[in-house]
Amino acid sequence: GQNIDQPTEMTATEGAIVQINCTYQTSGFNGLFWYQQHAGEAPTFLSYNVLDGLEEKGRFSSFLSRSKGYSYLLLKELQMKDSASYLCAVRWAGNMLTFGGGTRLMVKP
Amino acid sequence: DTAVSQTPKYLVTQMGNDKSIKCEQNLGHDTMYWYKQDSKKFLKIMFSYNNKELIINETVPNRFSPKSPDKAHLNLHINSLELGDSAVYFCASSQIPLRHSYNEQFFGPGTRLTVL
């Protein structure tokens, strides 16, 4: 089975940096995804890690340590539009994803 | 231009009824999925389907069944609806990823099902 944990809520200030952590325990690990979901909308893809290390994409970076079962999503230069839920997901069997409960990020002026 | 579309967007129905939600993708993907997102916002995989195999999450009741008339469609049929089935259902699609590669899943807009 899969078990994925992330903080339920976080608050940060516009222009700041925030790190959202995700820990997982899973069998058949085949990569970790981060998705963004605005309220009432569909999840959209942000990043993917399968090897240890940091992947950078503009203001967003994602890190993975497979030995520790740990990942984080780093958001820099926060903007108000970054207020959303951030979902960590582990890939197993084919392309099946198991999602964590999501972290609701509130960005304040 | 819509990549993954679902109908209806909202569905309100009585307990015990049978209903279907339709999903279509125009991305040429070979794998489609159904997810359920409950009131606590947990997004759970229900099914993964391509023309070779159907993978079912073991926690899904057999009242739920996916039906694929062709590669671009994966509909979700639900029999004998229960109160606990109320949720937002998302369809998604992707290509089958190569080993150590990825093909992200593209999600539809969701269908909010309310069972009274």
Would you check if A:Gly100 is crowded, with 19+ Cβ neighbours inside 10 Å, within 25 Å of B:Gly110 (Cβ to Cβ) and among the small types (Gly, Ala, Ser)?
-> yes
What about B:Tyr89, is it among the hydroxyl-bearing types (Ser, Thr, Tyr) and either loosely packed, with under 13 Cβ neighbours inside 10 Å or not in a loop (DSSP other than H, G, I, E, B) (or both)?
-> yes
Tell me which of these B:Glu24 doesn't satisfy, since it passes every other one: (1) crowded, with 16+ Cβ neighbours inside 10 Å; (2) touching a Phe, Trp or Tyr at 6+ places or on another chain (Cβ under 8 Å).
-> (2)
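Per-residue answers, yes or no, for (1) of a type in the set (Gly, Ala, Ser); (2) within 14 Å of another protein chain (Cβ to nearest Cβ); (3) within 27 Å of A:Leu32 (Cα to Cα); (4) in a loop (DSSP other than H, G, I, E, B):
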{"residue": "B:Met46", "(1), (2), (3), (4)": "no, yes, yes, no"}
{"residue": "B:Lys52", "(1), (2), (3), (4)": "no, yes, yes, yes"}
{"residue": "B:Glu58", "(1), (2), (3), (4)": "no, yes, yes, yes"}
{"residue": "B:Ser65", "(1), (2), (3), (4)": "yes, no, no, no"}
{"residue": "B:Lys71", "(1), (2), (3), (4)": "no, no, yes, yes"}
{"residue": "B:Leu76", "(1), (2), (3), (4)": "no, no, yes, no"}
{"residue": "B:Ser80", "(1), (2), (3), (4)": "yes, no, no, yes"}
{"residue": "B:Pro109", "(1), (2), (3), (4)": "no, yes, yes, yes"}
Determine if region A:28-39 includes at least one residue that is crowded, with 20+ Cβ neighbours inside 10 Å and free of Cβ contacts under 8 Å to residues at least 40 places away in the same chain.
-> no
Can A:Tyr86 be described as aromatic (Phe, Trp, Tyr), more than 9 Å from every other protein chain (Cβ to nearest Cβ), under 30 Å from B:Thr59 (Cβ atoms) and within 10 Å of the chain's Cα centre (by Cα)?
-> yes
Could you tell me which residue of region B:27-44 is surrounded by the most Cβ atoms within 10 Å (Cβ to Cβ), considering only residues that are within 16 Å of B:Asn62 (Cα to Cα) and more than 10 Å from chain A (Cβ to nearest Cβ)?
-> B:Trp34
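Coordinate-derived values only; no laboratory data. Computed from a predicted model, the values in this text were never measured in an experiment. Cβ: placed from backbone, ideal geometry, glycine included. Neighbour counts: every protein chain shown.
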